[in-house]
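Below is one structure, written out as C-alpha cells, with a few remarks after it.
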Amino acid sequence: MGTVSASILEVRDLHVRIASRRGIVRAVDGVSFDVPRGGALGLVGESGSGKSMTLRAILGVLPAEARVTSGEIRLDGVDLRQLRGSDINRLRGPKMAMIFQEPMSALNPVMRVGWQIAEGPQVHLGLSRGRASERALDLMRRVGIPDPERRFRAYPHEFSGGMRQRVMIAIALSCDPEIILCDEPTTALDVTIQDQILRLLTRLCRESGTSLVFVTHDLPVVAQVCHDVAVMYGGQLVERGEVREVLLDPRHPYTLGLVRSAPDFEYVRESLVPIPGSPPSLISPPSGCRFHPRCAFAEDDCRTSQTPLRPLPGVSGGRSTACLHYERTLEAVEADRARP
Amino acid sequence: MNAMNPVTASTGAEPLLSAREVSVSFPVGSRAAARIRGEERLLRAVDGVDLEMRRGEALALVGESGSGKSTLALALAGLQRTDRGEIRFDGRVLPASRSRADRRRIQMVFQDPYSSLNPRLTVGGMLRELLRVHHVVPANRVAAFSAELLALVGLGEADLSSYPRQFSGGQRQRVAIARALALRPDILVADEPVSALDVSVQATILNLLRNLRDDLGLTLLLISHNLAVVRHLCDRVAVMYLGRIVEVAPTEQIFSAPRHPYTRGLLAAIPRMTEGVADGSGPAIAGDPPSPLRIPAGCRFRTRCPIAQPRCETEDPVLAADAGGAAGAGGGSAAEHLAACHFAFAPTAEEAGPVRNENEQNA
C-alpha cells in the first residue's frame, strides 16, 4: 500500500472511450482531480459532459462499449486500474460505495430491504446473519426510516422515493466506506425530500469522516453539499475551485454561461441568457478549446491551443481554469454585478 | 403578429377562466383491498379547488408530485373529466364535454417533447392537419400560416419538412409550443415545459414563453416544481398540497411574505447557491406527503406542519384572505393574498419568513 496520501481519491489524466456505430466517442478526455480525506467534491456539467462516465470509471462499472484507455485512478494510494475485477469488487463496500439517481432500479425488487442493507456487512465484514441484521436496523434508524423493525421486512416497492433513497444511503454506509460516489442522487425527488436527503447525507458523511464525490447538473444542489466543485464540458474539466467562489465568481465562460442561463431563486434577472449553440460532438471534438464555437470571448488562439486546467495566478485554494482569456469572464462578472 | 388573437379590451373584474369547487378522483384497486387496508377506493387527486385566471396574466401552479397540479391543469384544459364543480370560460359555464371551438381556447404544452409529438408526422404535416380540422385559416393560407407559427417560436420555414427526431429537445419543445399556438388559444397551459431540458436550453424556452406572453397577450398557466422558474416567469402563484390550493398570492408576496406553513417550508427547501446544508439544521419540512388515499382529517398539512394545534385535527381551514385586511408586504392589496391555514394571518406569523423545522423527526 505504501505511504498514506492526503487524498483519498486521485484521478490522473483519465481517458474513457466509447465505441459507437458512428465512431469512437471521447467521453472523458484527460480528467485529473483529487478528493481530500473527508472532503466533498462536486462534478457538474450538462448531459453528455462526461461526468457520469468519470464516476463509473472510478467505480469500474462502465458500460460494455466503454473502456478506460489511459490514466490513473488511485483510491487510498492503490491504482485501481492495476487490479483484477475480483479485487476491485472487494473494495466496493468497505472502501468505496455508490448512490445512484434511481433507487428503484438500483435495489433488488424481490429482496427484503433489511437484508439488502445487511448483505454488505455479511459479505465484506464477515458478520453473522444476526449481527448483520442488527447493523441494518441501526443503519435504518440513522437514516431516518420510521419503524425500522417493521420496515426491515418490507420490499422496495412499498417505500416512497425519498425512503428508497434513504435505503440506498444506508446500504452505501453499511461497510463504513472511505468515499461515497453519488450520481444525481436527488434529481428524481421533490424539493422538500431533496432537502431532507441532502441534509442527511451531509450530516452522516461528516459524522463518519466519509469523503464524497457528487455528480449533478444542478448548481445550487452542489452548493448545498460540496466544498469544492469541478465543472466539466465536452469530456474535460474547465474550472475548479471552492464551490461558492466558482459559482458566484466564475473564471470560465462556460461556468458563467451555466450560471446566467439558470433562473436563480434569489436573484431575478430581467431575462435569462442561454448559451448559444449546442454541446460539441465527442467523436470529432472542436480543435483547441472545446467551448470556443459557443464562446462569446473566443479569440484566434482558442481555436488552436489545447487548454488544460491551470491554477489561477495569485489565488489560493486550488482555484484553476482552462480558459486562456479568463479575464474576459472576470470583466463580465463585474459588469453583471455593477448592474442594479 | 396578425394571425393571433388581439388582447381583448375587457380587463374588468370578470376572470377569463374560473374554477369553482372542482374535484377530480380516480377509482383505484378493488373494493375488497380498499376495505382491508382501511383506505378509500377513490383517489381524490383534486379535491375542491377554487381558482381564477385573469386575462393576460401568468399564473403558476406549484407543489410536490402527487399534489394534483397536473390533474387540475388537464381538467381546466378539458382533457380530464371532473366529478364536481364548474369551470367558467369568459363568464360561460363550460359543459362536461366541450365543443371543438371551446377546446381550441385552452391549449397545452407537455413536459416531455419526445413523447408528445407524433414521430411519423413532419412538423408541417402536424400543423396542416390541425389547421384543417379546426378551420383556423383558409386552405390556401395553411402553408404561410404554418411558416409564421414556426417563425414565432424561433424556427425556420425549412423545419416544416423535418420529423420530430431530427430536432434537439429544446427545438422539439418549440415545435410543441407552435402546435399549441396554431389554434390561436386564449390560454396556454404549460406542464413542466423545461424540466426535461438541459439548463442552458431551459433559458431559451423560458425566454420564449415570456416573449410570447408579452407579444400575443397570452394568458399562461405554468405548472412547475421549480420555484426559480416560477419567479422568473409568473405574476401570481398558487400552491397546491394534496389536491387543494393552500395559498394564492402575487409572486413577490409569496416569496417575501409566505403565509401558509407549507409554502414557507417549500421555499426554505430550495437549494441556494449562497449557502450549504452543513450547519446541521433540520430539514425544511419533515416526512413524506401522506397518500392521497389517506388524506388526514381537518387540515391536510397538519401531519407535517411545525405549528399544528389540536384545532387543526378537526377544522379544515378554508382558503381566505386576511380578515384584518392590511396591505401585504409585497405591496399588493390584502384581498390578493389567500391562505388556507388557521394561523396564516395570526400576529405571530407576521413577517415570519421561511421557517425551518428544528425538531427533525425524520433524519
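The values are calculated or read from the model by the stated rules, or taken from the named source; none is laboratory data. Note that the structure is predicted; figures quoted are calculated from it, not measured. Here Cβ is always computed from backbone atoms with ideal geometry, including for glycine, and neighbour counts include all displayed protein chains.
Structure values in brief
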| read-out | value |
| --- | --- |
| Helices (runs of 4 or more DSSP H) wholly inside segment B:140-216 that include at least 1 residues being at pLDDT below 90 and among the β-branched types (Val, Ile, Thr) | B:199-216 |
| Residue tally, condition under 21 Å from A:PHE100 (Cα atoms) and among the β-branched types (Val, Ile, Thr), over segment A:19-67 | 6 |
| Among the residues listed as B:SER224, B:SER291, B:SER281, B:SER200, the single one being free of Cβ contacts under 8 Å to residues at least 60 places away in the same chain, within 11 Å of chain A (Cβ to nearest Cβ) and farther than 22 Å from B:PHE345 by Cα | B:SER200 |
| Members of segment B:196-224 that are of a type in the set (D, E, K, R) and closer than 26 Å to B:ALA75 by Cα | B:ARG210, B:ARG213, B:ASP214 |
| Matching residues, segment B:227-256, being more than 10 Å from chain A (Cβ to nearest Cβ), touching a Lys or Arg at 6+ places or on another chain (Cβ under 8 Å) and within 20 Å of B:SER70 (Cα to Cα) | B:MET240, B:TYR241, B:LEU242, B:GLY243, B:ARG244, B:GLU247, B:VAL248, B:ALA249 |
| Residue ID - modelled with the lowest pLDDT, chosen from residues in segment B:23-74 that are closer than 26 Å to A:GLY161 by Cα and among the basic types (Lys, Arg) | B:ARG37 |
| Conditions (1) outside any helix (DSSP H, G or I); (2) in contact with an Asp or Glu (Cβ under 7 Å, 6 or more places away or on another chain); (3) within 12 Å of chain A (Cβ to nearest Cβ); number of the one not met by B:ARG259 | (3) |
| Filter result (β-branched (Val, Ile, Thr) and in a helix (DSSP H, G or I)) within segment B:62-103 | B:THR71 |
| Any hit, segment A:279-286, residues being touching a helix residue (DSSP H, G or I) at 6+ places or on another chain (Cβ under 6 Å), modelled with pLDDT under 95 and under 27 Å from A:SER32 (Cβ atoms) | yes |
| Candidate set from segment A:57-80 (those that are closer than 19 Å to A:VAL213 by Cα and in contact with an Asp or Glu (Cβ under 8 Å, 6 or more places away or on another chain)); member that is surrounded by the fewest Cβ atoms within 10 Å (Cβ to Cβ) | A:ASP79 |
| Which numbered condition A:LEU41 fails, given (1) within 14 Å of chain B (Cβ to nearest Cβ); (2) closer than 28 Å to A:LEU204 by Cβ; (3) assigned to a loop (DSSP other than H, G, I, E, B) | (3) |
| Residue in segment B:88-103 that is crowded, with 16+ Cβ neighbours inside 10 Å, in contact with a Leu (Cβ under 9 Å, 6 or more places away or on another chain), under 24 Å from B:ILE205 (Cα atoms) and not β-branched (Val, Ile, Thr) present | no |
| Given (1) more than 14 Å from chain A (Cβ to nearest Cβ); (2) out of contact with any Gly (no Cβ under 7 Å at 6 or more places or on another chain); (3) assigned to a loop (DSSP other than H, G, I, E, B), number of the condition B:LEU59 does not satisfy | (3) |
| Hits in segment A:175-187 (condition: within 15 Å of A:LEU212 (Cα to Cα) and either among the hydroxyl-bearing types (Ser, Thr, Tyr) or in contact with a strand residue (DSSP E or B) (Cβ under 6 Å, 6 or more places away or on another chain) (or both)) | A:PRO177, A:GLU178, A:ILE179, A:ILE180, A:LEU181, A:CYS182, A:ASP183, A:GLU184, A:PRO185, A:THR186 |
| Test: residue in segment B:89-99 that is touching a residue at least 60 places away in the same chain (Cβ under 8 Å) and in contact with a strand residue (DSSP E or B) (Cβ under 7 Å, 6 or more places away or on another chain) | yes |
| Odd one out for A:GLN236, checked against (1) farther than 30 Å from A:PRO311 by Cβ; (2) surrounded by 22 or more Cβ atoms within 10 Å (Cβ to Cβ); (3) out of contact with any helix residue (DSSP H, G or I) (no Cβ under 9 Å at 6 or more places or on another chain) | (1) |
| Matching residues in segment B:203-216 - criterion: being without any contact (Cβ under 8 Å) to a residue 12 or more places away in the chain and at the interface with chain A (Cβ under 10 Å from one of its Cβ atoms) | B:ALA203, B:ASN207, B:ASN211 |
| Listing of helices (runs of 4 or more DSSP H) fully contained in segment A:164-276 that carry 2 or more residues being more than 9 Å from chain B (Cβ to nearest Cβ) | A:191-208, A:243-248, A:253-261 |
| Some residue of segment A:194-208 being out of contact with any Phe, Trp or Tyr (no Cβ under 6 Å at 6 or more places or on another chain), without any contact (Cβ under 8 Å) to a residue 40 or more places away in the chain and within 14 Å of A:VAL44 (Cβ to Cβ) | no |
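To keep it simple, each residue is scored yes or no on (1) without any contact (Cβ under 8 Å) to a residue 24 or more places away in the chain; (2) on the phi < 0 side of the Ramachandran plot.
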position	(1), (2)
A:PRO280	no, yes
A:SER287	yes, yes
A:PHE297	no, yes
A:CYS302	yes, yes
A:GLN306	yes, yes
A:LEU312	no, yes
A:GLY318	no, no
A:ARG328	no, yes
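Rundown of residues vs (1) of a type in the set (S, T, N, Q); (2) touching an Asp or Glu at 6+ places or on another chain (Cβ under 6 Å); (3) under 21 Å from A:ARG37 (Cα atoms), yes/no style:
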{"site": "A:CYS175", "(1), (2), (3)": "no, no, yes"}
{"site": "A:SER211", "(1), (2), (3)": "yes, no, yes"}
{"site": "A:VAL222", "(1), (2), (3)": "no, no, yes"}
{"site": "A:GLY234", "(1), (2), (3)": "no, no, no"}
